[in-house]
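Engineer: I am attaching a structure below and will ask some questions about it afterwards.
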Amino acid sequence: MKKMVLSMLGIVSLFPSISYAHEMSGGGGFISGLTHPVLGFDHLLAMLSVGVLSAQMGGSAIWRVPLTFVLVMLGGGILGINDIPIFSVELGIALSVLALGIAIAADKKLSPLLAMVFVGFFAIFHGHAHGTEMPYLSKPMFYAGGFVLGTAGIHIAGVVIGVIAERFRHGVGLLRYVGAGITGIGFHLIII
């Protein structure tokens, strides 16, 4: 099972065109925003990782860490909508995948405040990327609502994965391997 998960993550990472979700494509509304985090591989991995990390931490971090990500992502989106530049958005997103993978693989219990600052920093980049796209979309507010709900849904899926894994004998070890695989994909996103 471990080899299969790592193999699948490795294979997908070989195709950079599906790795980045930030193409200035036309159209846009609620469904477009809802599906964007799922179809953007870099976002999907980062959002799932936030959920898994919060589940590894347990307690109130299960909801506080993902909520922080969503709220700060909205702030980053506002920066992007208003054309307020931040440095190297795509690199920041790739680094988020790398860093979140490392955090999952390490399986260290971070303090909730540190984890909130950690994910909040990266949420700025994710939000900014989509904020810059929103003025080009036909229905930017619907897109934003869909994107927020899609992000929250992926966080919840990550929490569920983390909670279920914690209950199985080898689940914690499997999560660490998955974290290592995500780290490798993050590294690949950085160098492409």
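Engineer: Report the local net charge at Gly33: Lys and Arg +1, Asp and Glu -1, summed over other residues whose C-beta lies under 13 Å from its C-beta.
Structural biologist: Computed value for this residue: 0.
Engineer: Once phi is turned into θ = phi - 60°, what whole-Hz ³J(HN,Hα) does the Karplus curve with 6.51, -1.76 and 1.60 give for every residue of the range 149-164, x standing for Gly and Pro?
Structural biologist: Here the 3J(HN,Hα) series is 5, x, 4, 4, x, 5, 4, 4, 4, x, 4, 4, 4, x, 5, 5 Hz.
Engineer: Whole-Hz Karplus ³J(HN,Hα) for the range 120-125, in order, using 6.51 cos²θ - 1.76 cosθ + 1.60 and θ = phi - 60°, x for Gly and Pro?
Structural biologist: x, 4, 6, 4, 4, 5
Engineer: Now, a different point. Expressed in nm to one decimal, what extension gain is obtained for the pair Ile84 and Lys109 from 0.36 nm per residue of sequence separation less their Cα-Cα distance?
Structural biologist: Contour length minus Cα-Cα distance gives 5.5 nm.
Engineer: Which of the three applies to the range 27-191, rounded, prolate or oblate, going by the alpha-carbon gyration tensor with a ≥ b ≥ c and a/c under 1.5 meaning rounded?
Structural biologist: Verdict is prolate for the range 27-191.
Engineer: The range 164-179 to the range 32-78: how many Å between their Cα centroids?
Structural biologist: 20 Å
Coordinate-derived values only; no laboratory data. In this text the structure is predicted, and so the values were computed from the model without any measurement. When we count neighbours, we look across all protein chains shown, and the Cβ atoms used for this are built from the backbone with ideal geometry, even at glycine.
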